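The structure appears below as structure tokens.
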Amino acid sequence: MASLAGALGLWQLLTAYDVDLWLRFEQFPTVVEVASAFADRVGTETYRQDLGHSLRRIAVGFLLAAVLGVAAGTAVARSRWAADLLGPLVEVVRPVPAIALVPVAILLLPTNEQGIVFITCAAALFPVLVSTRHAVRALSPVWEEAVLTLGGGRARVLFSVVLPGALPGIFGGLSVGIGVSWICVISAEMISGEYGVGYRTWQDYTVVDYPGVFVGMATIGALGWLTSTAVESLGRRVTAWLPRPADRFAPGPTRAAAAPASAAAPRSPVLLATAPEKEPVR
């Protein structure tokens, strides 16, 4: 909070005094002007409608990308046939920016709404797919061999070993994908959208309403932060079984005090019962 307040304070000073030191702040709206524009707009029906459209597009596109990316990444990592079939296609299409697919979406899909969802899905798909592929390939084969030795089949290996073991990498890709999705959905709304935060931001720019432009930018930043935090929080809950260094940021005495406590802990009753008794010294 202090860092955000400091940045806003610096912005207010630079714009209020029209500082012009190579970077020209005299045309920038002040923080007060942006806050006033935000207060005027936040309660309107148009603002809520734009939020609803952008959030729906993100939700549909991102969920599709999550399902397809995890499925395709797992298949490529586990199957030679899938790697030979999908691997070259992924490596050829992955470098193409998702926003460059706008003409493809316009030509292929019947409505602009479907085109924006398609671009959003394409933006998040490849981070999720690549992260899943690397996470699955990094799993130790000992776990799979243990399940097979105990009589488990391929489905048991997939749902008991592969997917749980790859969850940290999968959620890393999801966290990256949600951020890229916001970048591309806003760009797609600016180009071919109807309603949405990106569409409204571009309209404000065309009518030279710069405080409105910054209202849109602030809204995009807040939405991106909230959704990314939600994905990371879900990832921590789903992977709660992972060992975590809880005392990473603890002060030195706290960590030092933990060692004697663990050393002085009583021995397990099982170990005490099975330990051989010493003969008395005569």
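The values are calculated or read from the model by the stated rules, or taken from the named source; none is laboratory data. Being a predicted model, the structure only gives us computed values, none of them experimental. So basically every Cβ, Gly included, is an ideal-geometry build from the backbone, and we count neighbours across all protein chains shown. Heavy atoms of the whole protein, side chains included, go into the accessibility calculation; ligands, DNA and RNA do not. Shrake-Rupley method; radii C 1.70, N 1.55, O 1.52, S 1.80 Å.
Out of Thr15, Thr74, Thr44, Thr30, one residue alone is surrounded by fewer than 14 Cβ atoms within 10 Å (Cβ to Cβ) and of a type in the set (S, T, N, Q). It is Thr44.
Can you find a residue in region 203-220 that is among the β-branched types (Val, Ile, Thr) and within 19 Å of Val102 (Cα to Cα)? Break it down into steps so the answer makes sense when it comes.
Let us first name the residues in region 203-220 that are among the β-branched types (Val, Ile, Thr), namely 206-208, 213, 215, 219-220.
Add one more test, that the residue is within 19 Å of Val102 (Cα to Cα), and what stays is none.
Checking region 203-220: not a single residue is among the β-branched types (Val, Ile, Thr) and within 19 Å of Val102 (Cα to Cα).
Quick one: which helices (runs of 4 or more DSSP H) lie wholly within region 1-105 and hold at least 2 residues that are under 25 Å from Pro211 (Cα atoms), touching a residue at least 40 places away in the same chain (Cβ under 8 Å) and not β-branched (Val, Ile, Thr)?
Working: elements: 2-16, 31-41, 45-78, 80-93.
Output list reads 31-41, 45-78.
Being without any contact (Cβ under 8 Å) to a residue 12 or more places away in the chain and among the acidic types (Asp, Glu), is that true of even one residue in region 108-116? No, every residue in region 108-116 fails to be without any contact (Cβ under 8 Å) to a residue 12 or more places away in the chain and among the acidic types (Asp, Glu). Going by the conditions given, is Ala122 part of a helix (DSSP H, G or I) and in contact with a Leu (Cβ under 9 Å, 6 or more places away or on another chain)? Judged against the criteria, Ala122 is a match. Of all residues in region 143-152, those satisfying the criterion of being out of contact with any Lys or Arg (no Cβ under 8 Å at 6 or more places or on another chain) and either touching a residue at least 12 places away in the same chain (Cβ under 8 Å) or open to solvent by less than 40 Å² (accessible area, probe 1.4 Å) (or both) are Trp143, Glu144, Gly152.
On the basis of being in a helix (DSSP H, G or I) and buried (at least 21 other Cβ atoms within 10 Å of the Cβ), does Ala155 make the cut?
Values: in a helix (DSSP H, G or I): yes; buried (at least 21 other Cβ atoms within 10 Å of the Cβ): no.
Here the answer is no, as Ala155 does not meet what is asked.
Among the residues making up region 190-218, a single one is acidic (Asp, Glu) and part of a helix (DSSP H, G or I): Asp204.
Condition first: open to solvent by 60 Å² or more (accessible area, probe 1.4 Å) and modelled with pLDDT under 90. Can you find one or more residues in region 219-229 that meet it? No.
Take region 87-101 and flag every residue that is of a type outside the set (Asp, Glu) and under 20 Å from Val180 (Cβ atoms).
Just the residues of region 87-101 that are of a type outside the set (Asp, Glu), to begin with: 87-90, 92-101.
Correct list: Leu89, Val90, Val92, Val93, Arg94, Pro95, Val96, Pro97, Ala98, Ile99, Ala100, Leu101.
When Val128 is tested against the conditions (1) within 22 Å of the chain's Cα centre (by Cα); (2) open to solvent by 50 Å² or more (accessible area, probe 1.4 Å); (3) at pLDDT 85 or above, the lone failure is (2).
Filter region 88-118 for residues that are surrounded by 15 or more Cβ atoms within 10 Å (Cβ to Cβ) and among the small types (Gly, Ala, Ser); which is modelled with the highest pLDDT? Checked region 88-118; the qualifying residue modelled with the highest pLDDT is Gly115. Total residues in region 204-218 satisfying the condition of being open to solvent by 60 Å² or more (accessible area, probe 1.4 Å), touching a helix residue (DSSP H, G or I) at 6+ places or on another chain (Cβ under 8 Å) and closer than 27 Å to Gln114 by Cβ: the figure is 2. Ser192 fulfils the conditions (1) at pLDDT 90 or above; (2) open to solvent by less than 60 Å² (accessible area, probe 1.4 Å) except for a single criterion, (1).
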